[in-house]
Amino acid sequence: MRLTLNHALAVLAAAVCMGVSPAYAAVNGSHAKIPCTACHAGQAAPAAPAQKACLACHGSYEALAKKTEGKFNPHDSHMGRVECAQCHSMHKKSRFICHDCHAIPNRTFKGE
Ligand code: HEC
Ligand code: HEC
Ligand code: HEC
Ligand code: HEC
């Protein structure tokens, strides 16, 4: 009984540790091996990178818009050039903010 209880406590302690461990160490998708500084250079404390940090590798908004042509193009709409991090999170689940106002069935994130 005591062993079982200790075991349960150990599992609980591990879960609590995982909860407080730095969640941002994990980078999702194709960026997993990219150094933090590729996105967070010049920031005193890491915060959502400005779009120019992303576009250094991804070219331009126009180039992105070509890749995602079609209805409800996330990179070409009446919303303009929205900051990438409004939708793409490299650490958590990405969120397609256009869903706040539109039901869009055919757009899904890849990997991030
Ligand atoms: C490919 C780009 C990219 C890389 C590489 C990256 N990040 Fe981020 N990071 C982001 C984006 C986008 C956000 C804002 C969205 C979010 O919180 O997920 C962010 C947010 C953060 C935040 C939270 C800031 C806040 O205001 O809540 C921290 C801390 C952070 N990153 C640390 C790191 C560390 C440490 C690494 C390296 C292990 C890293 N990042 C690598 C893109 C990146
Ligand atoms: C150091 C270069 C580099 C930087 C900086 C960078 N990316 Fe990427 N990104 C890549 C590469 C390489 C790929 C994989 C090939 C491709 O899809 O172009 C990729 C893929 C992606 C994908 C497709 C999904 C996936 O995980 O494969 C998204 C979305 C993306 N990047 C968004 C961003 C955003 C948003 C930022 C800024 C926060 C950013 N990237 C910064 C290099 C970079
Ligand atoms: C309004 C939300 C939104 C914003 C802002 C946004 N994206 Fe996206 N992005 C998406 C969605 C949704 C997809 C997947 C859609 C699809 O493939 O049809 C996507 C796909 C991508 C892809 C994969 C393209 C492919 O198919 O190869 C890349 C790379 C990317 N985004 C980079 C960026 C970068 C860099 C920025 C900022 C300059 C940015 N995105 C801004 C929502 C957004
Ligand atoms: C704050 C609410 C809001 C957000 C967020 C929003 N839209 Fe809209 N959008 C509207 C309204 C209102 C209209 C005009 C009424 C209509 O035609 O549905 C519209 C119209 C459109 C249309 C033309 C109408 C159609 O059905 O063909 C497209 C395409 C569109 N939005 C795409 C987007 C994309 C892509 C995003 C994200 C980058 C976005 N919207 C975010 C409110 C929003």
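Summary table
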read-out: Within straight-line cross-link reach of K71, aspartates and glutamates at Cα separation under 19 Å, skipping those fewer than 8 residues along the same chain; value: E62, D100
read-out: Trypsin sites (Lys or Arg not before Pro) lying in DSSP loop within region 38-88, provided at most 15 other Cβ fall within 10 Å; value: K71, R81
read-out: Derived scalar couplings ³J(HN,Hα) [region 91-102; Karplus, 6.51 cos²θ - 1.76 cosθ + 1.60; whole Hz; x for Gly, Pro]; value: 10, 10, 6, 5, 9, 7, 5, 4, 4, 4, 10, 10
read-out: Reachable lysines from K92, criterion Cα separation under 24 angstrom, eight or more residues apart if same chain; value: K33, K52, K67, K110
read-out: Hz values of 3J(HN,Hα) by residue in region 28-36 - Karplus curve (6.51, -1.76, 1.60), Gly and Pro given as x; value: 7, x, 5, 8, 3, 9, 7, x, 3
read-out: Simple spin-label estimate for C101 and A25 in nanometres, 7 Å along Cα-Cβ; value: 4.1 nm
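Just so you know, all these numbers are worked out from the coordinates, no wet-lab data involved. The structure presented is a predicted model; accordingly, all values stated were derived computationally and were not measured. Neighbour counts are summed over all protein chains in view; Cβ atoms, including those assigned to glycine, are modelled from backbone coordinates with ideal geometry.
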